[in-house]
Amino acid sequence: MPESRLARQIATAVRHQRELHQLTQQALADLAGLSQGAVARIERGDRLPSLPVVERLFAALGRQLRVAVEPLDTHLDAALDALAERSLIERIEELGLDRMLDALGDLPYVLTGSSAALLQGAPLPVDAVEVAVRWCDSARLTGWLEEAYGQRWNARWEEWGGRRLEPEEPGEHRWRTRYGELRARMCDELPEPVEVRHGGRSYPVEPLARVEVADPGAADLLRRHRQRLALSWAGGETRAGCETRAGSAG
């Protein structure tokens, strides 16, 4: 992954977590033992900070850095192109989205992350249903997970099970259930949704602009998709212009 992209992703994650905790840059700097200027530079993504500095920042926010790998750019582009060619209905059925939402019943939620992006036409990879759930509904979510034979993801051992189901317990908010995988973003208030309709069904989804703020991974893929669309359109206009001029010359 190019350094510029990694710096941008860290910048987005730090800024998002700081804003979630309602801290100023100076307040976060004080907690992490850094200067306000250092926090500002990191959030701008000017350059890649050292790992100890990043770990101090996230520790001050009660978070920790997790490293993951992804396909090389060329493979990622091919995957996005393949997803763009598939129908939305087919992808919804493959995800088991309606089955999961029907099972959730009257639990208040808003679809977020890649699930929200999918329903708004973005060709992002989606391997789990992602929802926002209020902390005040945590007990209801836990009860539902018990009935759905849920297993909590254990990032330390990279396996399902071995952790308590309750969202209040440390660990990723990620569960495997009889209806598929569910990932939750716990929040005090649900994000203001927009209504998206497909196949006669209505879905409450987080707008793409908010998805990009809350999910750095989805934001990076959305940015990449838009850049490639812009290049494709620009290339098409250039070719069309050349063909028009060639026809005029004839």
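Go through the residues of segment 195-210 one by one and say whether even a single one is under 21 Å from residue 138 (Cβ atoms), at pLDDT below 90 and outside any strand (DSSP E or B). Scanning segment 195-210, I find no residue that is under 21 Å from residue 138 (Cβ atoms), at pLDDT below 90 and outside any strand (DSSP E or B), so the answer is no. Pairs are defined by a Cβ separation below 6 Å, a sequence spacing of at least 6 or placement on different chains, a first member in segment 201-219 that is in the same structural domain as residue 113 (by TED's automatic domain parsing), and a second member that is among the charged types (D, E, K, R) and at pLDDT below 85; the pairs so defined are 219/212. Within segment 149-158, the only residue that satisfies the criterion of being surrounded by 19 or more Cβ atoms within 10 Å (Cβ to Cβ) and part of a loop (DSSP other than H, G, I, E, B) is 150. The set of residues in segment 145-166 that are touching a helix residue (DSSP H, G or I) at 6+ places or on another chain (Cβ under 7 Å) and more than 19 Å from residue 189 (Cα to Cα) comprises 148, 165.
The rows are residues; the columns are (1) modelled with pLDDT of 90 or more; (2) surrounded by fewer than 14 Cβ atoms within 10 Å (Cβ to Cβ); (3) not assigned by TED's automatic domain parsing to the domain that holds residue 204.
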{"site": "27", "(1), (2), (3)": "yes, no, yes"}
{"site": "42", "(1), (2), (3)": "yes, no, yes"}
{"site": "52", "(1), (2), (3)": "yes, yes, yes"}
{"site": "55", "(1), (2), (3)": "yes, no, yes"}
{"site": "96", "(1), (2), (3)": "yes, no, no"}
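Of all the criteria given as (1) touching a strand residue (DSSP E or B) at 6+ places or on another chain (Cβ under 7 Å); (2) under 27 Å from residue 87 (Cβ atoms); (3) without any contact (Cβ under 8 Å) to a residue 24 or more places away in the chain, the one not satisfied by residue 165 is (2).
In a loop (DSSP other than H, G, I, E, B) and either surrounded by fewer than 15 Cβ atoms within 10 Å (Cβ to Cβ) or touching a Leu at 6+ places or on another chain (Cβ under 8 Å) (or both): is that true of residue 164 in this structure? Judged against the criteria, residue 164 is a match. All conditions but one from (1) touching a Ser or Thr at 6+ places or on another chain (Cβ under 9 Å); (2) in a loop (DSSP other than H, G, I, E, B); (3) among the hydrophobic types (A, V, I, L, M, F, W, C) apply to residue 132; the one that does not is (2). Could you please let me know if residue 91 is assigned to a helix (DSSP H, G or I), under 17 Å from residue 185 (Cβ atoms), touching a Leu at 6+ places or on another chain (Cβ under 9 Å) and not β-branched (Val, Ile, Thr)? Criteria not met by residue 91.
Taking the listed residues 135, 144, the one that is more than 30 Å from residue 224 (Cα to Cα), surrounded by 19 or more Cβ atoms within 10 Å (Cβ to Cβ) and touching a residue at least 40 places away in the same chain (Cβ under 8 Å) is 144, with no other qualifying.
Apart from one condition, residue 14 fits all of (1) in contact with a Leu (Cβ under 6 Å, 6 or more places away or on another chain); (2) modelled with pLDDT under 90; the exception is (2). Applying a threshold of 7 Å to beta carbon distances and a minimum spacing of six or more residues, or different chains, the list of pairs starting in segment 104-124 at a residue that is in a strand (DSSP E or B) and ending at one that is of a type in the set (A, V, I, L, M, F, W, C) reads 110/131; 110/132; 110/190; 110/205; 111/119; 111/131; 111/205. Residue 175 falls short on exactly one of the conditions (1) hydrophobic (A, V, I, L, M, F, W, C); (2) in a strand (DSSP E or B); (3) surrounded by fewer than 18 Cβ atoms within 10 Å (Cβ to Cβ), and that condition is (3).
The values are calculated or read from the model by the stated rules, or taken from the named source; none is laboratory data. Please read these numbers as outputs of a predicted model, since none were measured by experiment. For neighbour counting, all protein chains shown are included, and Cβ atoms are generated from backbone atoms with ideal geometry for every residue, glycine included.
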